[in-house]
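The values are calculated or read from the model by the stated rules, or taken from the named source; none is laboratory data. Treat the numbers as computed from the prediction; the structure is a model and nothing was measured. In this analysis, Cβ positions are derived from the backbone assuming ideal geometry, glycine residues included, and neighbour counts consider all displayed protein chains. Ligands, DNA and RNA are stripped out before the accessible areas are found, and what is left, the full protein with its side chains, is counted by its heavy atoms. Shrake-Rupley method; radii C 1.70, N 1.55, O 1.52, S 1.80 Å.
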Amino acid sequence: MSDPSCIFCKIVAGQIPSERVYEDAQAVAFLDIHPIAPGHTLLVPKAHFANLLETPQEVLAALVAAAPRVAGAVMRATGAEGFNFFQFNGACSGQEIMHLHFHIIPRRPGDGVSYQWRQGAYREGEMRALGAKVRQAME
Ligand code: ZN
């Protein structure tokens, strides 16, 4: 299960060099070549799945189980005091490589990293209506 045009599949297969820091039966982690902060690591499934919705539960479980181990090592190696753990789904969200990947970004006070999130607000009743819509979509 790999996509010959996918850069992360090539990294997993060793066809493209990477600074690999972790590997198990399901997952590989390597340093991002364009780090937001030194030690920025990508945790990916070995098999090709485009995003969170397409990844089987057992693969997600293995990735999330590996995440604290990888993040802990990154923190110890970089002297970070915290880290961000996130991923993107779809081009409109900022996903650039269509192979599921979790970002692990070590953080320290005053590191200057900013994601510039704009916090919005709901109009009266809007949140309740949207909550109902999401619950309905679960079925
Ligand atoms: Zn891939």
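For Ala66, the shell of other residues with beta-carbons less than 11 Å away shows a net charge of -1, using +1 for Lys and Arg and -1 for Asp and Glu. Working from the Cα coordinates of region 26-82, the gyration tensor eigenvalues give, after taking √(5λ), semi-axes of 23, 13, 8 Å in decreasing order. For the set Val70, Val64, the ranking by accessible area, highest first and with no ligand, DNA or RNA atoms included, is Val64, Val70 under a 1.4 Å probe. Here's the picture: a label point sits 7 Å out from the Cα of Tyr22 along the beta-carbon direction, and within region 99-128 the residues with their amide nitrogen under 11 Å of it are 102-105. What GluC sites (Glu not before Pro) does region 63-127 have in DSSP loop regions with at most 16 other beta carbons within 10 Å? Sites meeting the loop and neighbour criteria: Glu81, Glu96, Glu124.
All other residues whose Cβ lies under 10 angstrom from that of Gln26 are scored, Lys and Arg at +1 and Asp and Glu at -1, for a net of -2.
Distance from the C-alpha centroid of region 29-76 to that of region 84-133: 17 Å, rounded to the whole angstrom. Dimensions of the chain along the principal axes, based on C-alpha atoms and rounded to the nearest Å, stand at 52, 41, 25, largest first. For the residues Leu42, Leu53, Leu100, a GNM of the chain with alpha-carbon springs under 10 Å puts the largest fluctuation on Leu53. Computed over protein heavy atoms with a 1.4 angstrom probe, the accessible surface ordering of Cys92, Cys6, largest first, is Cys92, Cys6. Take the Cα of Phe86, step 7 Å along the line toward its Cβ, and report every residue of region 27-50 whose backbone nitrogen sits under 15 Å from that point. Output list for this probe position: 36-37, 41. Comparing Met75, Met127, Met98 in a Gaussian network model of the chain where C-alpha atoms under 10 Å apart are linked, the largest mean-square fluctuation is found at Met127.
First select every other residue whose beta carbon is under 15 angstrom from the beta carbon of His99; then total the charges, Lys and Arg +1, Asp and Glu -1. Around His99, the charge tally is -2.
Computed extension length for Tyr115-Gln95: 5.7 nm, one decimal, from 0.36 nm per residue of separation with the Cα-Cα distance subtracted. Its Cα centre serving as origin, region 1-64 has a Cβ charge dipole (Lys and Arg +1, Asp and Glu -1) of approximately 120 debye. Ligands, DNA and RNA left out, the 1.4 Å accessible surface of the chain is 56% carbon and sulfur atoms.
Rounded to the nearest 10 degrees, the inclination of helix 126-138 to the longest alpha-carbon principal axis of the chain is 60 degrees.
For Ser18, the accessible surface of its heavy atoms amounts to roughly 40 Å² (probe 1.4 Å, protein chains only, rounded to the nearest 10). Here the chain is assigned +1 on the Cβ of each Lys and Arg and -1 on the Cβ of each Asp and Glu. Its dipole about the Cα centre then comes out at about 280 debye.
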